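Peer 1: Have a look at the structure that comes next, please.
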Amino acid sequence: MTEPPLRCFLGAFGDAGHAFPMLALGAELVARGHEVTFETWTRWRRPVQAHGMRFVAAPEFPTFPTRERPLSPYQAVVAAVAHTRPAVFAAAPDVVVHDILTLAPALSGELEAVPVATLIPHLYPPGEPGFPPFGFGAQPPRSRAGAGLWRAFDRPVAASLRRGTSELNETRRRVGLAPVDGPHNGLSRQLCLVATLPQLEYPRSWPAHVHVVGPIIWEAPAAAVEPPPGPEPLVLVAPSTAQDPEHRLLRAALRGLAHEPVRVLASWNRRPLRGPVPVPRNARLVEWVSYAQTMSEAALVVCHAGHGTLMRALTLGRPVVAVPHAGDMPENAARVRWAGAGVRLPWPLLSPATLRRAVRRALADDRLALGAAQLAAWSSLHDGRAGAADLVERLARRQPAPSTT
């Protein structure tokens, strides 16, 4: 018997690293015949509608307070729920899926007694006792002394999580919901979809409702870009779309690789260039590139270690030089190094010379290419979009999900 179509309400933060995975999930749900409403920033109206989803403009609050927008994150959530709950009510969904940074759809779904899932478009942030705090960019301890060092952080991390729970419970009270206990209560206790490669996750015990489904990738259509001609290895410089406003990484790469036996294709990703950027003869600098079209030709990807860029590179079997700038980038870079698929260059050490040495090392180490190829092989057998959609359908229909492995 064919199951009837579902009504799904999706909500995502407007940065590309958060909106794109939700766009991919929404497109998959539409392809399965479901009715999808997608609330996100206005900049993504066209691709949302192009995939057959109904677009709802989300309130566009910054991640952190500014002079112009002084609301704290949780104050912003209260304001956003007043906007989002009527949209959820009008959509009458069978399920709500919210991005980890977008709590208004989750709280609105709870208020409307709808099952709620969380899409985590990066590594799973909750830690384990003795783990390095998430975001530090540190690797698991190799000795008893190292484990003891990281356990010293357990208490301050727990205190911070308690403050977060207290702030969230005040938000819940103000919108009419009961308080919750325990840490990380912005994440669904019904279903969490972790859109990363499982090989980048440190060994741990997994809650039954948390599923590492694999990368969920969407990319905006773009015209093909020709790399510089020649037989030399192609190095793709793929900076962040949200960090490094001075383009330090881009400038260091173009200078540092100017006389190397490589070809360089670099993008400024439609972010303003402040001042001239000299482009050497072995390089080409463009406004935007399609990673799907260009990464498959590259021998190496140089990036800030944004999760979306890393997933595209690794699922195509391309090793990386990761130069993390902010946010979860140090964590991502540490995991890639731990998985044996790339080289990490700390941001404070970035210069043309250090970048050049990192690229030389990455190109010379065949083990990195092998590590990236193994990740690509796993990805080719595990469709993150399909796996996530399967789990969302099960939640909407109140069917048990398969056990986590």
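Read the figures in this text as sums done on the coordinates, not as results from a lab. Remember, it's a predicted structure, so these values are computed and weren't measured experimentally. In this analysis, Cβ positions are derived from the backbone assuming ideal geometry, glycine residues included, and neighbour counts consider all displayed protein chains.
Peer 1: Using the 10 angstrom Cβ neighbour count as an exposure proxy, how do Glu60, Glu393 rank, fewest first?
Peer 2: Glu60, Glu393
Peer 1: Give me Thr241, Thr118, Thr40 sorted ascending by neighbouring Cβ count inside 10 Å, so fewest comes first.
Peer 2: Result, fewest neighbours first: Thr241, Thr118, Thr40.
Peer 1: Could you list which residues have their amide H under 5 Å from that of Gly342, counting only those 5 or more apart in sequence or on another chain, with H placed in the peptide plane?
Peer 2: So Gly342 has HN proximity to Val320.
Peer 1: Moving to a separate point now. What is the set of long-range amide H partners of Arg263 at a cut-off below 5 Å, with H atoms built 1.01 Å from backbone N?
Peer 2: Leu234, Val235
Peer 1: Now, a different point. Once you put a point 7 Å from the Cα of Arg174 and another 7 Å from the Cα of Ala31, both along the Cβ direction, what distance in nm separates them?
Peer 2: My value for the distance between the label points is 4.1 nm.
Peer 1: Fewest first, what order do Ile100, Ile217 take by the number of other Cβ atoms within 10 Å?
Peer 2: Ile217, Ile100
Peer 1: Any idea what the relative contact order of the chain is, in percent, if you count C-alpha pairs under 8 Å spaced at least 6 apart?
Peer 2: Relative contact order of the chain: 15 percent.
Peer 1: Kindly provide the helix-only [θ] at 222 nm of the chain, computed as the sum of -39,500 (n - 2.57) over DSSP H runs of four or more divided by all residues, to the nearest 500 deg cm²/dmol?
Peer 2: One gets -12000 deg cm²/dmol as the mean residue ellipticity at 222 nm.
Peer 1: Specify whether the C-alpha gyration tensor of the range 234-380 places it in the rounded, prolate or oblate class, a ≥ b ≥ c being the square roots of the eigenvalues: rounded for a/c under 1.5, otherwise prolate if a/b is larger than b/c and oblate if not.
Peer 2: Rounded.
Peer 1: Taking every alpha carbon pair in the chain, what does the distance histogram look like in 10 angstrom bins from 0, in percent?
Peer 2: The distribution over the chain is 5, 22, 31, 26, 14, 3, 0, given as percents.
Peer 1: Give me the extension gain from Trp268 to Thr2: residue separation times 0.36 nm, minus the current Cα-Cα distance, reported in nm with one decimal.
Peer 2: 91.0 nm
Peer 1: Which ³J(HN,Hα) values in Hz, rounded to whole numbers, follow from the phi angles of the range 228-237 under the Karplus curve 6.51 cos²θ - 1.76 cosθ + 1.60, where θ = phi - 60° and Gly and Pro get x?
Peer 2: Karplus values, whole Hz, x for Gly and Pro: x, x, x, x, 5, x, 8, 10, 9, 9.
Peer 1: Once phi is turned into ³J(HN,Hα) by the Karplus curve 6.51 cos²θ - 1.76 cosθ + 1.60 with θ = phi - 60°, what whole-Hz value does each residue of the range 184-189 show in order, with x for glycine and proline?
Peer 2: 6, 7, x, 9, 4, 8
Peer 1: Could I ask something else about it? For Arg172, what is the net charge nearby, where nearby means another residue's Cβ is under 13 Å from its Cβ and Lys, Arg count +1, Asp, Glu -1?
Peer 2: -2
Peer 1: Rank by packing, highest mean first: peptides 105-115, 345-355, 271-281, with packing defined as the count of other Cβ atoms within 10 Å averaged across residues.
Peer 2: 105-115, 345-355, 271-281
Peer 1: Compute the distance in nm between two label points, each set 7 Å from the Cα along the Cα-to-Cβ direction, one at Ala79 and one at Phe136.
Peer 2: Roughly 3.6 nm, to one decimal.
Peer 1: Okay, next question. For the peptides 190-203, 329-342, what is the packing order when you average, over each peptide's residues, the other Cβ atoms within 10 Å and list the highest mean first?
Peer 2: Highest mean packing first, the order is 329-342, 190-203.
Peer 1: Okay, next question. I'd like to verify something in the chain: which complete DSSP H helices, judged by Cα projection on the helix axis, reach 15 Å or more and average at least 0.0 on the Kyte-Doolittle scale?
Peer 2: The qualifying helices are 16-31, 73-91, 366-381, 384-396.
Peer 1: So, one more: Testing the spin-label approximation: label points 7 Å from Cα along Cα→Cβ at Ala152 and Ser166. State their distance in nm.
Peer 2: 2.5
Peer 1: Quick query: amide H of Val212 versus all other amide H atoms, modeled in the peptide plane; which residues come in under 5 Å with a sequence gap of 5 or more or a different chain?
Peer 2: Placed amide hydrogens put Val194 under 5 Å from Val212.
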